[in-house]
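Let me begin by presenting the structure, written as structure tokens, before commenting on it.
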Amino acid sequence: MKQRIVIGNWKMNTTAEEAVLLVEELKKQAEYVELDVELGVCPPMPWLLALNEILDETEIGVGVQDAEPGDFGAQTGSVSIKMIAEHAEYVIIGHSERRSTGQDNDESINAKVKSALENSLTPVVCVGEFTHLYEKKRVRGRPTKLEEISNIFKQLQQAIKGVAEKDIPKLVVAYEPVWAIGTGKPASPEYAAEIIDRLRTVLKRASKRKLANEARILYGGSVTASNAKSYAELEEIDGVLVGGASLKASEFMKIAAAFSRQ
Ligand code: PEP
């Protein structure tokens, strides 16, 4: 059975000191409990090396919230996936907060996914719809053909274009409806599970069924310690990507515990 995964996206938060305190606390709390769940945190880039050192020899992995494909070059202000590969395990790719500002598009996301895989990092590919439309249609009855080709699925198809079949199991996909991010209005677990199921169909079209089933597909959007269990109860949901609630160690660890199979 594949291991579930809980990843924290700290976004543009924490001072250097707060970041260290937060991971020290996570480390301490993780020592008390044995959890059967993969855990990762994605702090702001400048704290990466220090936090990676603190978390070395723990079960908690560190990642970044974005990085450029390629190795080195004349790109002022950029950090490449190659540069961070030795110091990180995950790279979040195509978060809606970057898509919506034009910092990322289908093409750049696809290049980042391939670069992450080439550099042995786990890409955490974010997809999700911007408006409530999908959910509104859904409650009226069966999903329509139009919905089937909706943006969410296209985003994933584009993100994994040209990815080798053997690499499909290495993907982590995060389904994050934009209207649920940071709003305190999460998608219902059933709704999230249904979309995740259909996202898996996209992976199945790109590889063998068995390989597609090995990839982990997460939900993200206003997950808290109080609602985490309701998502964990559904087998389709292989974990969560957590924003706000990942900034408090005890809250984050409670979410992790909800997804632990032990
Ligand atoms: C996110 O930004 O990836 C996210 C899921 O945020 P929040 O949990 O705060 O809704």
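Table for the structure above
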| quantity | calculated |
| --- | --- |
| Neighbour net charge for I81 - beta-carbon separation under 9 angstrom, K R +1, D E -1 | -1 |
| Kyte-Doolittle mean at least -1.0 and Cα axial length at least 20 Å: DSSP H helices in the chain | 16-32, 189-206 |
| Estimated 222 nm signal from helices in the chain, with DSSP H stretches of n ≥ 4 weighted -39500 (n - 2.57), rounded to 500 | -11500 deg cm²/dmol |
| Relative contact order (%) - criterion: Cα under 8 Å, at least six apart; region: the chain | 22 |
| Protection proxy ranking of 31-43, 224-236 - average other beta-carbon atoms within 10 Å, highest first | 31-43, 224-236 |
| Long-range amide H partners of V124 with built H, under 5 Å | V91, I92, I93 |
| Long-range HN-HN contacts of E38 with modeled amide H, under 5 Å | R4, I5, V6 |
| Ordering of 91-103, 166-178 by packing [mean C-beta count within 10 Å, highest first] | 166-178, 91-103 |
| Relative contact order (%) - criterion: Cα under 8 Å, at least six apart; region: the stretch 220-259 | 53 |
| Long pairs among K210/K248; K185/K208; K2/K28; K154/K185; K11/K204; K114/K229, criterion Cα-Cα beyond 29 Å | K210/K248; K185/K208; K11/K204; K114/K229 |
| Normalised contact order of the stretch 12-68, rounded percent, pairs of Cα under 8 Å and 6 or more residues apart | 40 |
| Mean-position separation - Cα centroids, the stretch 82-109 and the stretch 155-223, in angstrom | 16 |
| Once the Cα gyration tensor of the chain is diagonalised, semi-axes √(5λ) in Å | 27, 23, 17 |
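Here, each number is a calculation from the coordinates, and none is a lab measurement. For clarity, every value in this text was computed on a predicted model and none was experimentally measured. All Cβ positions, glycine included, derive from the backbone under ideal geometry; neighbour counts span all protein chains shown.
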